[in-house]
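**Q** Here it is: the structure, laid out below.
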Amino acid sequence: MNDILLDVRDLTLDRGEKRILDRVSLTLAKGETLALVGESGAGKSTIAIALMGLLGRSATTSGTARFDDQPDLLSLSERGWAALRGRKLAMVFQDAGAALNPSFTVGRQLASVLRRQLGLSKFEARSRAVALMESVGINDAEGRMTAYPHQLSGGMQQRVMVAIALACNPDLLFADEPTSALDVTIQAQIIRLILEQTRARGASCIFVLHDLALASQSCDRIVVLYAGQVMEAGPTEVVLRDPRHPYTRLLQSCVIEIGTEDLTPPEGSVPPYDQMPAGCRFSTRCPRADARCAAERPPLQPVAGRDLACWHPEDAA
Amino acid sequence: MTPLFELREVEKTFEIRRKGKKLGLRALDGVRLTITQGASIALVGESGSGKSTLLRVLLGLTPPTEGVALYQGRPIAQVRAENREFARNVAMVYQDARGSLNPRMTVEALITEPLRHFGICTAAQAPARVRALLARVGLAPEVAGRFPSEMSGGQVRRVAIARALASEPTVLVADEAVSGLDVSSQAQLLNLLRRLQAEMGLTLIFITHDLGVASYLCAEIAIMYLGRIVETGPTRAVLDAPAHPYARALRKAAPEFFAPLAEPLTGEIPSPIDLPPGCRFSGRCAYAQADCRLTDPALLRLNDHRAAACLHPLTQSFANV
């Protein structure tokens, strides 16, 4: 299979005694968009950070992550990372206001990426930066080059972040909750911008999202995570139209849309790391769980067009 | 019957300096709002729409520059200054629940504070009262001995609600009380608020940017844009058939399963220092006509329950009413 861009197998990540990610596997084809969804502590952002080589020293990993012609991202040296990060892999962070440097103009921040990564001259970098700002829908790009981040609205800051991330035409873009700090009418603008720009470049995109409805509107495939384990993964249409994992069902039943009459959220919350069951981590809150679920981890295996990790899957809806 | 809160043509202008010049930033402009006893109303709008300033006016923390803001027929600022009754009756849950709770106080101390301040019960009765309040918001009695830092985001919000309920208020004002939470904790909290409103007959004023949350919790809705309420009415009726083009855009922007990704509005909210002439929404409005750029529409009645600040409201049946 040549069109696989990213193949993560059994990614496990420990911080001290805490197992943050527990044998996470996922694949991504070239040009595909993938949503990582789940609640806080699910490990969505950690996966993105691990695959960008931005983990601190306190974390230890096992497993493999093949990316393009790189046999394993997880065993790359810092030098190996320097050649990839920003060029082949790039990231749009949640809070653009915090991710951009407040002391430099946005034009300078954008141009510095082009100069460093592509070796452009100062003049070339500047004109390319203006073109990039225009391509992400910033009016008066020339004038905005000299603006500091705080002089731009949240939506404009996020557009600058997208421009910086796409500056070197990466093969894979991570977008970590790119719109959760923005107003709803701006959200759709930014998601569409990211989709259009990655599509135009033939790049793949991994979105970290907490909004299932937004995931259904923007991504080809979806991975549902709970406390660092993959519960269910597959084409968005298949998984969200007919979820078979009890957790996916519960997550979906908590989504409020206009006109929702009743919500039936699962009781309780995610257990602390020192009380995690050895088996399925959702078993402490799962209405279908039995003794086996708590003791033995269900393997992620194909069921009805998606991958499912559950001993007692739900019937078709 | 006198409404609980009544705002008439409320305007709030903040003076700011830009490049040495004094300018007026009109955070609220021509706000008309009536809230009756026992109502549940959602104030919805994007950042910069004036929700928080409106909230401060309702709480009597910010006096309006123009217009009148009344609580039971009397100016809010005056009622508030008289005695503690207003503060006791109108309780607030802040957006940043964790930030609103003193990190060096236990949950017990945090909830006892309003009990003592408002003289709700004797010192001897307080521990039992604290536990009753914790039970009411779905927290175990053991939580009383904990500090906010030892609790999850959802639990901290519950503590903030328990603390607000301690003074036995009749009005609960909540600023984005469920935003930023995971969907399951959000759903748990919404169910709690619904139950409390029904059981205690609370008047609920709920600030949110999420139309789904507004429709789940509140019978009425007021949608704000750049300092003005542009549409009010029963939540379901307004969201089913919005009359104001901005309300319609907001409705369409809400994520919806498998619907194509909508981009209902271009551009961004203009600066409140530099309001466009005529209708403040006309620059982004797909339905704007020539007169929209000349005349600033006030919030006017469409029928018995609904009102919109639009020269050309969208719902046909309201035309020429």
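**Q** Residues in the range A:231-241: is at least one out of contact with any strand residue (DSSP E or B) (no Cβ under 6 Å at 6 or more places or on another chain), surrounded by 19 or more Cβ atoms within 10 Å (Cβ to Cβ) and more than 28 Å from A:GLY31 (Cα to Cα)?
**A** Step one: list which residues in the range A:231-241 are out of contact with any strand residue (DSSP E or B) (no Cβ under 6 Å at 6 or more places or on another chain), which gives A:237, A:240-241.
Subset that is surrounded by 19 or more Cβ atoms within 10 Å (Cβ to Cβ): A:240.
Now drop any that are not more than 28 Å from A:GLY31 (Cα to Cα), which leaves none.
Checking the range A:231-241: not a single residue is out of contact with any strand residue (DSSP E or B) (no Cβ under 6 Å at 6 or more places or on another chain), surrounded by 19 or more Cβ atoms within 10 Å (Cβ to Cβ) and more than 28 Å from A:GLY31 (Cα to Cα).
**Q** Since B:GLN188 meets every condition but one in (1) under 15 Å from the mean Cα position of the chain (by Cα); (2) in contact (Cβ under 8 Å) with a residue 40 or more places away in the chain; (3) in a helix (DSSP H, G or I), which condition does it not meet?
**A** (1)
**Q** Report, ordered by the first and then the second residue, all pairs with beta carbons closer than 6 Å, sequence separation of six or more or different chains, a first member in the range B:201-218 that is in a loop (DSSP other than H, G, I, E, B), and a second member that is basic (Lys, Arg).
**A** Note: no pairs meet the criteria.
**Q** Scanning the range B:239-248 for residues that are more than 7 Å from chain A (Cβ to nearest Cβ) and not in a loop (DSSP other than H, G, I, E, B), which turns out nearest to B:LEU226 (Cα to Cα)? Steps first, answer last, please.
**A** Step one: of the range B:239-248, the residues more than 7 Å from chain A (Cβ to nearest Cβ) are B:240-248.
Going one step further and asking which of them are not in a loop (DSSP other than H, G, I, E, B), we end up with B:240, B:245-248.
On the way: B:ASP240: 23, B:PRO245: 14, B:TYR246: 11, B:ALA247: 13, B:ARG248: 16 Å.
Result: B:TYR246.
**Q** Any idea which of (1) surrounded by fewer than 22 Cβ atoms within 10 Å (Cβ to Cβ); (2) within 14 Å of chain B (Cβ to nearest Cβ); (3) within 19 Å of A:CYS219 (Cα to Cα) is the one A:ALA200 doesn't satisfy?
**A** If we test A:ALA200 against (1) surrounded by fewer than 22 Cβ atoms within 10 Å (Cβ to Cβ); (2) within 14 Å of chain B (Cβ to nearest Cβ); (3) within 19 Å of A:CYS219 (Cα to Cα), just (2) comes out false.
**Q** Scan A:ALA181, A:ALA203 and give me the residue that is modelled with pLDDT of 95 or more, within 28 Å of A:PHE104 (Cβ to Cβ) and not basic (Lys, Arg). Walk me through it before giving the result.
**A** Values: A:ALA181 fails: modelled with pLDDT of 95 or more.
Exactly one of A:ALA181, A:ALA203 is modelled with pLDDT of 95 or more, within 28 Å of A:PHE104 (Cβ to Cβ) and not basic (Lys, Arg), namely A:ALA203.
**Q** Shifting gears a bit: Which count do you get for residues in the range A:118-151 that are surrounded by 17 or more Cβ atoms within 10 Å (Cβ to Cβ), away from every other protein chain (no Cβ under 14 Å) and not in a loop (DSSP other than H, G, I, E, B)?
**A** Residues in the range A:118-151 being surrounded by 17 or more Cβ atoms within 10 Å (Cβ to Cβ), away from every other protein chain (no Cβ under 14 Å) and not in a loop (DSSP other than H, G, I, E, B): 10 in total.
**Q** Which numbered condition in (1) under 25 Å from A:ARG19 (Cβ atoms); (2) within 12 Å of chain B (Cβ to nearest Cβ); (3) at pLDDT 95 or above; (4) surrounded by fewer than 24 Cβ atoms within 10 Å (Cβ to Cβ) is the only one that A:TYR226 fails?
**A** Single failed check for A:TYR226: (4).
**Q** Of these, B:ALA237, B:ALA247, which one is touching a residue at least 12 places away in the same chain (Cβ under 8 Å), buried (at least 18 other Cβ atoms within 10 Å of the Cβ) and out of contact with any helix residue (DSSP H, G or I) (no Cβ under 6 Å at 6 or more places or on another chain)?
**A** Details: B:ALA237 fails: buried (at least 18 other Cβ atoms within 10 Å of the Cβ).
It is B:ALA247.
**Q** Being at the interface with chain B (Cβ under 8 Å from one of its Cβ atoms) and in a loop (DSSP other than H, G, I, E, B) is the filter here; which residues of the range A:237-260 pass it?
**A** Those that are at the interface with chain B (Cβ under 8 Å from one of its Cβ atoms) and in a loop (DSSP other than H, G, I, E, B): A:CYS254, A:VAL255, A:ILE256, A:GLU257, A:ILE258, A:GLY259, A:THR260.
**Q** Go through the range B:250-271 and give me each residue that's in a loop (DSSP other than H, G, I, E, B), in contact (Cβ under 8 Å) with a residue 24 or more places away in the chain and either β-branched (Val, Ile, Thr) or buried (at least 22 other Cβ atoms within 10 Å of the Cβ) (or both).
**A** Our first condition is that a residue be in a loop (DSSP other than H, G, I, E, B); within the range B:250-271, this holds for B:254-271.
This time we only want the ones that are in contact (Cβ under 8 Å) with a residue 24 or more places away in the chain, so: B:254, B:269-270.
Passing the criteria: B:ALA254, B:ILE269.
**Q** Report every pair of residues separated by at least 6 positions or lying on different chains whose Cβ atoms are under 8 Å apart, first residue within the range B:88-105 and over 18 Å from B:LEU193 (Cβ atoms), second polar (S, T, N, Q) and surrounded by fewer than 14 Cβ atoms within 10 Å (Cβ to Cβ).
**A** What qualifies is B:PRO103/B:SER149.
**Q** Tell me, which residue of the range A:71-111 that is more than 30 Å from B:GLY180 (Cα to Cα) and of a type in the set (Asp, Glu) is surrounded by the fewest Cβ atoms within 10 Å (Cβ to Cβ)?
**A** Result: A:GLU78.
**Q** Kindly establish whether B:ILE207 is within 12 Å of another protein chain (Cβ to nearest Cβ), in contact with a strand residue (DSSP E or B) (Cβ under 8 Å, 6 or more places away or on another chain), within 22 Å of B:PRO3 (Cβ to Cβ) and of a type in the set (Val, Ile, Thr).
**A** On the way: within 12 Å of another protein chain (Cβ to nearest Cβ): no; in contact with a strand residue (DSSP E or B) (Cβ under 8 Å, 6 or more places away or on another chain): yes; within 22 Å of B:PRO3 (Cβ to Cβ): yes; of a type in the set (Val, Ile, Thr): yes.
When the stated conditions are applied, B:ILE207 does not pass them.
**Q** Additional query: Do any residues in the range B:31-51 that are more than 30 Å from A:SER180 (Cα to Cα) have Cβ atoms under 7 Å from those of residues that are part of a strand (DSSP E or B) and of a type in the set (Lys, Arg), where the two are at least six apart or on different chains, and which pairs are they?
**A** Pairs that qualify, where the first residue is more than 30 Å from A:SER180 (Cα to Cα) and the partner is part of a strand (DSSP E or B) and of a type in the set (Lys, Arg), are B:ARG32/B:ARG8.
**Q** While we're on this one: Of all residues in the range A:203-218, which are away from every other protein chain (no Cβ under 11 Å) and within 11 Å of the chain's Cα centre (by Cα)?
**A** A:CYS205, A:ILE206, A:PHE207, A:VAL208
**Q** Please work out which residue is farthest from B:VAL156 (Cα to Cα), limiting yourself to the range B:107-130 and to residues that are among the polar types (S, T, N, Q) and surrounded by fewer than 17 Cβ atoms within 10 Å (Cβ to Cβ). It would help to see each step written out before you state the result.
**A** Within the range B:107-130, the subset among the polar types (S, T, N, Q) is B:112, B:122, B:125.
Of the ones still in play, those that are also surrounded by fewer than 17 Cβ atoms within 10 Å (Cβ to Cβ) are B:122, B:125.
Values: B:THR122: 26, B:GLN125: 24 Å.
If we take residues in the range B:107-130 being among the polar types (S, T, N, Q) and surrounded by fewer than 17 Cβ atoms within 10 Å (Cβ to Cβ), then B:THR122 is farthest from B:VAL156 (Cα to Cα).
**Q** Still on this structure, please answer the following. Using the structure shown, decide if A:VAL24 is closer than 30 Å to B:SER152 by Cα, modelled with pLDDT of 95 or more and within 14 Å of another protein chain (Cβ to nearest Cβ).
**A** Numbers: closer than 30 Å to B:SER152 by Cα: yes; modelled with pLDDT of 95 or more: yes; within 14 Å of another protein chain (Cβ to nearest Cβ): no.
Judged against the criteria, A:VAL24 is not a match.
**Q** Looking at A:TYR226, is it farther than 30 Å from B:ILE221 by Cα, in contact (Cβ under 8 Å) with a residue 40 or more places away in the chain and in contact with a Phe, Trp or Tyr (Cβ under 6 Å, 6 or more places away or on another chain)?
**A** Numbers: farther than 30 Å from B:ILE221 by Cα: yes; in contact (Cβ under 8 Å) with a residue 40 or more places away in the chain: yes; in contact with a Phe, Trp or Tyr (Cβ under 6 Å, 6 or more places away or on another chain): yes.
Criteria met by A:TYR226.
**Q** Would you confirm whether any residue within the range A:279-289 is small (Gly, Ala, Ser) and under 21 Å from A:LEU26 (Cα atoms)?
**A** First, pick out the residues of the range A:279-289 that are small (Gly, Ala, Ser): A:279, A:283, A:289.
If we keep only those that are under 21 Å from A:LEU26 (Cα atoms) as well, we get A:279.
Yes, the conditions are met somewhere in the range A:279-289.
**Q** Only one of these is at pLDDT 90 or above and more than 9 Å from every other protein chain (Cβ to nearest Cβ): B:ARG251, B:ARG236, B:ARG293. Name it. Don't jump to the end; show me each part of the working.
**A** On the way: B:ARG251 fails: more than 9 Å from every other protein chain (Cβ to nearest Cβ); B:ARG236 fails: more than 9 Å from every other protein chain (Cβ to nearest Cβ).
Just one listed residue meets the conditions, B:ARG293.
**Q** Okay, moving on. Which of the residues that make up the range A:230-252 are over 17 Å from the mean Cα position of the chain (by Cα) and among the hydrophobic types (A, V, I, L, M, F, W, C)? I'd like the intermediate steps shown before the answer.
**A** Here is the first cut: in the range A:230-252, the residues over 17 Å from the mean Cα position of the chain (by Cα) are A:237-252.
Selection gives A:VAL238, A:VAL239, A:LEU240, A:LEU250, A:LEU251.
The values are calculated or read from the model by the stated rules, or taken from the named source; none is laboratory data. Owing to the predicted nature of the structure, the values given are computational and were not obtained by experimental measurement. Here Cβ is always computed from backbone atoms with ideal geometry, including for glycine, and neighbour counts include all displayed protein chains.
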